[in-house]
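The values are calculated or read from the model by the stated rules, or taken from the named source; none is laboratory data. Since this is a predicted model, take the numbers as computed values, not measurements. All Cβ positions, glycine included, derive from the backbone under ideal geometry; neighbour counts span all protein chains shown. Surface accessibility is based on the protein's heavy atoms, side chains included, excluding ligands, DNA and RNA. Shrake-Rupley method; radii C 1.70, N 1.55, O 1.52, S 1.80 Å.
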Amino acid sequence: MALRELGYVEGQNIATEYRYAEGKRDRVPELATELVRLKVDLIVVAGGLRTIQAAKNATKTIPIVMTGEGTDPVKAGLIESLARPGGNVTGLTLLSRELGGKQLELLKEAVPKVTRVAFLYDLTNPANVLELKEDFSVAARALKLTIQPWEVRGKDDFDRVFAEMGKQRPDGLYVPSDPLMRDNQKRIVGFSLKSRLPSIYFYREAVDAGALMYYGADQADSYRRVATYVDKILKGANPADLPVEQPTKFELVINLKTAKQIGVTIPPSVLRRADKVIK
């Protein structure tokens, strides 16, 4: 839709090649190489650090546009600086690690009884590991919350982790930005509902699926911004000179239907701040 508003019509003046890893992370480098062989004019990457890195490994010349990566792209070595990326990668960064503290704070405000928060993360994702060890732990201490880390390495780990987590009985669940979590969203949401566990996610669609809360960048606004990068590059702009943007609009979404199902009453002060309430 955003590209259409900028004058692009599929099949007339733009053609899109889609590639999906379908949850199989080892296929990402192969798919990136495939797109490079097709000699596309640019690659838009909707994925985390590993996906962007795979695209960057596949080409040093085709422009790559990030749709919103959680890791600091400078620290990750994807770009030289936000103001001047310097290579063939540009786009948006969500800087999710910096939002972790705010998400924890909102979960605590929404459900004051929460004291032990389970952190479900992919051990093979360096961004998640860093988030847990640094920013998240610091924020948790300030809020007097205890973090219970739960590692998963693949889709076959979830049932075991859920069984063990049930014995530990946390009273809150935090799900970070990660492709593995997104691919297994239905299972995670199902577990949190069955366990009556208040949860906050880093991606918006989880709340529609039954999670309690989402706080993060306004994704509709973010994708509109991505379209402007595509437009500029197709018109000749150099990605090295296009500053990487951070989000300026954030949204809080609360699922009241879920709150009722798990026996939680959200305080009016939190509901008033929500951009959207699902009833």
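Between THR124 and THR248, take the C-beta separation as r, use R0 = 41 Å, and let me know the FRET efficiency to the nearest 0.05.
0.80
May I ask for the angle, rounded to the nearest 10°, between helix 49-58 and the longest principal axis of the chain, with both axes built from Cα atoms and the value confined to 0 to 90°?
For helix 49-58, the angle is close to 20 degrees.
Measure of size requested: the Rg and Dmax of the chain, with Cα atoms as the atom set and Å as the unit; please supply both.
Final numbers for Rg and Dmax: 19.4, 57 Å.
Please give the length that would be gained between GLU134 and TYR20 if that part of the chain were fully extended, namely 0.36 nm times their separation in residues minus their C-alpha to C-alpha distance (nm, one decimal).
37.9 nm
Which value, in Å², gives the accessible area per residue of region 1-109 when a 1.4 Å probe is used on the protein heavy atoms?
Spelled out: the 1.4 Å probe surface of region 1-109, per residue, equals 53 Å².
Can you compute the modelled spin-label distance between ALA220 and GLN12, with each label point 7 Å from Cα toward Cβ, in nm?
Here the modelled spin labels are 2.4 nm apart.
Could you give the length gained by full extension between ARG84 and LYS39, i.e. 0.36 nm per residue of separation minus their alpha carbon distance, to one decimal place?
Here the segment from ARG84 to LYS39 would lengthen by 13.7 nm.
Using only DSSP helix segments of four residues or longer, with each worth -39500 (n - 2.57), what per-residue ellipticity at 222 nm results for the chain after dividing by its residue count and rounding to 500?
Value at 222 nm, helices only: -10500 deg cm²/dmol.
Need one value: the accessible area of PHE202 in square angstrom, 1.4 angstrom probe, rounded to the nearest 10.
We get 10 Å² for PHE202.
Could you order ILE43, ILE147 so the one with the most accessible surface comes first? Probe is 1.4 Å.
Listed by decreasing accessible area, they come as ILE147, ILE43.
Using packing as a proxy for protection, rank 17-25, 251-259 so that the peptide with the highest average count of other Cβ atoms within 10 Å comes first.
251-259, 17-25
State the percentage of accessible surface on region 20-90 attributable to carbon and sulfur atoms; use a 1.4 Å probe and exclude ligands, DNA and RNA.
52
Hey, if you put +1 on the Cβ of every Lys and Arg and -1 on every Asp and Glu Cβ in the chain, which of ALA76, ALA217, LEU193 ends up farthest toward the positive end of that dipole?
LEU193
How big is the charge dipole of the chain about its Cα centre, in debye rounded to the nearest 20, if each Lys and Arg gets +1 on its Cβ and each Asp and Glu gets -1 on its Cβ?
Dipole magnitude for the chain comes out near 820 debye.
Using a cut-off of under 18 Å, list every residue of region 231-262 whose amide N is near the label point 7 Å from the Cα of GLU5 along the Cα-to-beta-carbon line.
Residues 231-233, 245-251 qualify, since their backbone N sits under 18 Å from the label point.
In straight Cα distance, which lysines are under 23 Å from LYS24, not counting same-chain residues fewer than 8 positions off?
Correct list for LYS24: LYS56, LYS155, LYS186.
Using a Gaussian network for the chain with springs between C-alpha atoms less than 10 Å apart, which of these wobbles most: ASP159, ASP26, ASP208?
Judging by the Gaussian network model, the answer is ASP26.
Using the alpha-carbon atoms, what tilt in degrees (0 to 90, nearest 10) does helix 28-37 show relative to the longest principal axis of the chain?
Rounded to the nearest ten degrees, it is 20.
Roughly how many Å² is the accessible area per residue of region 129-227, as a whole number, for a 1.4 Å probe?
For region 129-227, the per-residue accessible area is 46 Å².
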